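Undergrad: Got a structure for you, written out below as structure tokens; questions coming shortly.
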Amino acid sequence: MVASATSDNREALRPVGRVFTFLHREDVTGYLMMLPILLLVMGLLAYPFLLAVSWSFTDKLIGAEGRFIGWRNFLELPRSSIFRQTVQNAVIYSVAAVALKTLLGVALALALNQITWLRNFLRGILLLPWVIPTALSSLVWLWMYNDLFGVLNYILRVTGISQEGYLWLASPNLALFSVIVVNVWRGTPFFGIAVLGGLQTIPEELYEAAAIDGAGVWRRFLHVTLPHLQSVLAVVTLFSTIWTFFDFEIVYIITRGGPMNSTHLFATLAYQTGLIAGKLGEAVAISLYLFPILVVMIYFQLLYLRRMEV
């Protein structure tokens, strides 16, 4: 009887033991530790994103239920001259800003890497445009671009370059150039610090060997520095392109998309369409219009990074 009861107890405890054994596996422990953050991401990112995607196929207005209209929002957007202008603005804005941030960031990183005196202080100064709140720095630039009292036109008058100054934010071409300058000023520190970190991982022996072989400064940069910075530049460029393409605060605070829609980006046009005009379905479609292209771009860039690691 006792042996039979003991055997029954062991049989009953076997499933519990299997559960404990399963939970003590390293891969299962990893998934369990990731579960809270996965639930947080699903709640804060996945659900709003899926809800927005569903709205893009409706004619939803603020305060009203929308009806399903299929792909109509996406098909009608290219017919809008404002949307076509926005696409052009976004491409020019992103390509120019990311290219300038890359060049200036690499130049600043190379300079800081050679400096030994006050190195930490100068690095802190370099980070100031990045750590200052975007709204505050945009307001400062808005004042600097002021036609009558801005510091830029004041400098032009004092130096005799132009007594009348320029309408920085009233001219369509100058307005787009002006917001690009602000984005470059703010984003260059991100490139500079990232590239500086990459520079400090390059062994000094490689530069010494290149110098012994007779390579000058430019050849050492091309054949030693640049190849070792490819992965860093690829990652930084990827993030910066996404952030720049969908920039909002800088453009909205300084120009609000004007003059004549010459500085509208996807985020500002979506804000104006959705929250000001009340057309939520169309606004979400504007935001998601180039999303597939960005996904493809990110995929190939990550594939490139993986091949570099191999």
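Undergrad: With springs only between Cα atoms under 10 Å, which of Met144, Met34, Met297 fluctuates most in a Gaussian network model of the chain?
TA: Met34
Undergrad: Using only Cα atoms, locate the centre of region 245-310 and the centre of region 61-95, then give the distance between them in Å, rounded to an integer.
TA: 11
Undergrad: So how do Glu282, Glu76 line up by other beta-carbon neighbours within 10 Å, fewest first?
TA: Numbers: Glu282 26, Glu76 13.
Ascending Cβ contact count within 10 Å gives the list Glu76, Glu282.
Undergrad: Label the chain by shape, choosing from rounded, prolate and oblate, from the square roots a ≥ b ≥ c of the eigenvalues of the Cα gyration tensor; if a/c is under 1.5 it is rounded, and otherwise prolate applies when a/b is larger than b/c, oblate when it is not.
TA: Details: a/c = 2.56, a/b = 1.29, b/c = 1.99.
Judged from the Cα gyration tensor, the chain comes out oblate (a/c at least 1.5, b/c at or above a/b).
Undergrad: If I fit a long axis through the Cα atoms of helix 291-309 and take the longest principal axis of the Cα atoms of the chain, what angle between them do I get, 0 to 90°, rounded to 10?
TA: So the inclination is approximately 70 degrees.
Undergrad: Cut-off is 10 Å between beta-carbons; in what order do Tyr166, Tyr154 appear when sorted fewest neighbours first? Could the numbers behind the result be given before it?
TA: Values: Tyr166 17, Tyr154 14.
By the 10 Å Cβ count, ascending: Tyr154, Tyr166.
Undergrad: Enter the angle in degrees (range 0 to 90, nearest 10) between the Cα long axis of helix 26-41 and the first principal axis of the Cα atoms of the chain, meaning the one along which they spread out most.
TA: In the chain, helix 26-41 runs at an angle near 50 degrees to the longest axis.
Undergrad: In a Gaussian network model over the chain where Cα atoms closer than 10 Å are linked, find which of Val182, Val87, Val131 has the largest mean-square fluctuation.
TA: Val131
Undergrad: Could you list which residues have their amide H under 5 Å from that of Thr58, counting only those 5 or more apart in sequence or on another chain, with H placed in the peptide plane?
TA: HN-HN under 5 Å from Thr58: Ile69.
Undergrad: Test of understanding: ordering Lys279, Lys101 by Cβ neighbours within 10 Å, fewest first, what list do you get? Mind showing how you got there, number by number?
TA: Working: Lys279 21, Lys101 24.
Least crowded to most crowded, the residues run Lys279, Lys101.
Undergrad: Let me ask another. Multiplying the sequence separation of Ser81 and Asn120 by 0.36 nm and subtracting their Cα-Cα distance, what value in nm do you get? Walk me through the intermediate numbers first.
TA: On the way: separation 39, 0.36 × 39 = 14.04 nm, distance 4.93 nm.
Full extension of this stretch gives 9.1 nm more.
Undergrad: Looking at the square roots a ≥ b ≥ c of the eigenvalues of the Cα gyration tensor of region 112-208, which shape do they give, rounded for a/c under 1.5, prolate if a/b is larger than b/c, or oblate?
TA: Prolate, since a/c reaches 1.5 and a/b exceeds b/c.
Undergrad: Could you go through region 134-141 in sequence order and give the Karplus-derived ³J(HN,Hα) for each residue, using 6.51 cos²θ - 1.76 cosθ + 1.60 with θ = phi - 60°, rounded to whole Hz, and x for Gly and Pro?
TA: Result, rounded to whole Hz: 4, 4, 5, 5, 5, 5, 5, 5.
Undergrad: Also, I was wondering about something else. Which ³J(HN,Hα) values, rounded to whole Hz and listed in residue order, are derived for region 213-222 from phi using the Karplus coefficients 6.51, -1.76 and 1.60 in 6.51 cos²θ - 1.76 cosθ + 1.60 with θ = phi - 60°, glycine and proline given as x?
TA: 3J(HN,Hα) across region 213-222, in whole Hz: 6, x, 6, x, 4, 5, 5, 5, 5, 6.
Undergrad: Starting at the first residue of region 230-242, write each ³J(HN,Hα) from the Karplus equation 6.51 cos²θ - 1.76 cosθ + 1.60 with θ = phi - 60°, in whole Hz, x for Gly and Pro.
TA: 3J(HN,Hα) across region 230-242, in whole Hz: 4, 5, 4, 5, 5, 5, 5, 5, 4, 5, 5, 5, 5.
Read-outs throughout are calculated quantities, based only on the coordinates presented, and are distinct from any laboratory measurement. Keep in mind it's a predicted model, so treat the numbers as computed, not measured. In this analysis, Cβ positions are derived from the backbone assuming ideal geometry, glycine residues included, and neighbour counts consider all displayed protein chains.
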